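For reference, the structure is listed below as structure tokens.
The values are calculated or read from the model by the stated rules, or taken from the named source; none is laboratory data. These figures come from a predicted structure and were not determined experimentally. Because the Cβ atoms are built from the backbone with ideal geometry, glycine has one as well, and the counts that use them run over all protein chains shown.
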Amino acid sequence: MAYSDKARGYYDSEIKGIQGAGTFKEERFIASPQAANITVEFPAGAPHKEVLNFCANNYLGLSSHPDVVAAAHEGLKERGYGMSSVRFICGTQDIHKELEQKLTGFLGTEDTILFPSCMDANAGVFDVVLDKEDAMIADRLVHASIVDGMRLCKAQLFNYKHSNMEHLEEKLKETQDCRFRLIITDGVFSMDGDIAKLDEICDLADKYDAMILVDDSHASGFMGKTGRGTHEHCGVIGRIDVITTTLGKALGGASGGCVSGRKEIVELCRQRARPYLFSNTVPPVIVAAASKVIDIISNTTDRRDKLEQNTIYFREKMTAAGFDIREGIHPIVPIMLYNAKLAQDMARDLYGEGIYVIGFSFPVVPKGQARIRVQLSAGHEKEHIDRAIAAFTKIGDKYKILGKKKNEIIEMYGL
Amino acid sequence: MNEELKKTIIEYIKREYLEEDAPEEVNESTPLISGGIVDSFSMVSLKTFLEKKFSIKIPDDKATPEAFDSVNNIMNLLKEFNVT
């Protein structure tokens, strides 16, 4: 047998190592559609429990919206289940082109190409845009999919301190000899919910003749007054050369992603991006539903407005309750606890109270910065948010952290 | 020369990786990667700095997180390239 005891023993010890390090990820089984209210089986075999979900990327509450589900049904009926092909053989339907055009219009770019996921978009785009005489200059906190995409690219890699414009400028000066430079950042950073300084980045890009790529996965659909994304929020629509984003969060939540930007770059992705060329086409059912999502959010800003109000309300009430939260305006709200065990214990107790949130600690976030990450949704009603705040307050009181500052929490629980 | 070299590397690490108001102190044995000061992604800056500064080429199999985990480890790595 080729799968030897040696191999089995090795993989098993790796798993035990993950468990020993406290970073083993246990999946919870959800027995309902994605929504503010979900039914969860956790731990495995436990009776189903109704909880309020505060950890989904379902920012606009569209994941199970009746109009989106109906559009998916229609897509399934009219265009079938699968295409059994990559895009360039016989996998491009009229609705694929239609969705790409809608995304181009919505994001305010020149052209768009769909990918099976934003992970695939990020895995493919760098190798297409840059070669060994070029430079990639990335924020140090960019998403893992960007890090992987950059590793697949021959261009020289540089990175700058998170959102530090002086350091970015240093790197731009250092790379003046390169043919092309690409500044790479997330629009919104997923662990802190902080927003890239795209206006300043655009000015630096102009000054030093560099291009810009933004992964706007945690922004597309709701950041900016009409939800176009971080580039709208920062007033730089038309100045970002490449946007990568996902259909798996605010824009319906199923899967799929895209590269949207300068038309030559998009066309080259169509010709050369390996995850695009060698993956099946995005299924018609997802394309039809995502297309409906773009229609909904193009016609009204009601859902992003509600998300904004929910976010302001939650942030204000949690601050007033005495929690140490990272300031900001994004629906990602980090409740800072600093100590990893405290974050895990509180998340477990909150689950007991019917609030589903997750504690994050090193290596997902820097050492000593453990937190519970709360994510608001337009699918949350005020009563949901009030229940979450009440539960947080009860559990926060149990651990005596209400009104405590960073150094006081660290003094009580250590780092 | 050895002390001078250490100082140069420590100065670079502070400038490249720490914020101005950061409380962390860096000395020759401070764990850099396992201590969370430098992550595997941002390690590339340090590698590029050493290569440019000393006109060497550190192959990928030598540029491991362990080799870069402290200034002392980096000094040992540099010895292999006759930089002392």
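Quick notes
- For segment A:127-151, taking the residues that are without any contact (Cβ under 8 Å) to a residue 60 or more places away in the chain and away from every other protein chain (no Cβ under 14 Å), the one that is surrounded by the fewest Cβ atoms within 10 Å (Cβ to Cβ) is identified as A:Lys132.
- For segment A:55-94, a residue qualifies if it is more than 30 Å from A:Ala36 (Cα to Cα) and in a helix (DSSP H, G or I), and the qualifying residues are A:Glu78, A:Arg79, A:Arg87, A:Phe88, A:Ile89, A:Cys90, A:Gly91, A:Asp94.
- Any hit, segment A:155-166, residues being within 18 Å of A:Val242 (Cα to Cα), touching a residue at least 24 places away in the same chain (Cβ under 8 Å) and surrounded by 24 or more Cβ atoms within 10 Å (Cβ to Cβ): no
- Looking at B:Asp21, B:Asp60, B:Asp39, just one residue is acidic (Asp, Glu), within 18 Å of A:Leu141 (Cα to Cα), over 11 Å from the mean Cα position of the chain (by Cα) and within 14 Å of another protein chain (Cβ to nearest Cβ), and that residue is B:Asp39.
- Every condition in (1) touching a residue at least 40 places away in the same chain (Cβ under 8 Å); (2) not in a loop (DSSP other than H, G, I, E, B) holds for A:Lys404 except the one numbered (2).
- So A:Phe29, is it farther than 30 Å from A:Asp302 by Cα, touching a strand residue (DSSP E or B) at 6+ places or on another chain (Cβ under 9 Å) and touching a residue at least 12 places away in the same chain (Cβ under 8 Å): yes
Okay, residues lined up against (1) assigned to a helix (DSSP H, G or I); (2) in the same structural domain as A:Ile358 (by TED's automatic domain parsing):
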{"position": "A:Ala2", "(1), (2)": "no, no"}
{"position": "A:Lys6", "(1), (2)": "yes, no"}
{"position": "A:Tyr10", "(1), (2)": "yes, no"}
{"position": "A:Pro33", "(1), (2)": "no, yes"}
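- Within segment A:282-308, the residues that satisfy the criterion of being surrounded by fewer than 23 Cβ atoms within 10 Å (Cβ to Cβ), in contact (Cβ under 8 Å) with a residue 24 or more places away in the chain and assigned to a loop (DSSP other than H, G, I, E, B) are A:Pro283, A:Thr301.
- For segment A:167-196, the set of residues classified as within 20 Å of the chain's Cα centre (by Cα), among the hydrophobic types (A, V, I, L, M, F, W, C) and crowded, with 20+ Cβ neighbours inside 10 Å consists of A:Ile183, A:Ile184, A:Val188, A:Phe189, A:Ile195, A:Ala196, listed by residue number.
- Of all residues making up segment A:356-378, the number that are in a strand (DSSP E or B) and aromatic (Phe, Trp, Tyr): 2
- Looking only at segment A:108-124, residues that are among the charged types (D, E, K, R) and assigned to a helix (DSSP H, G or I) come to 1 in all.
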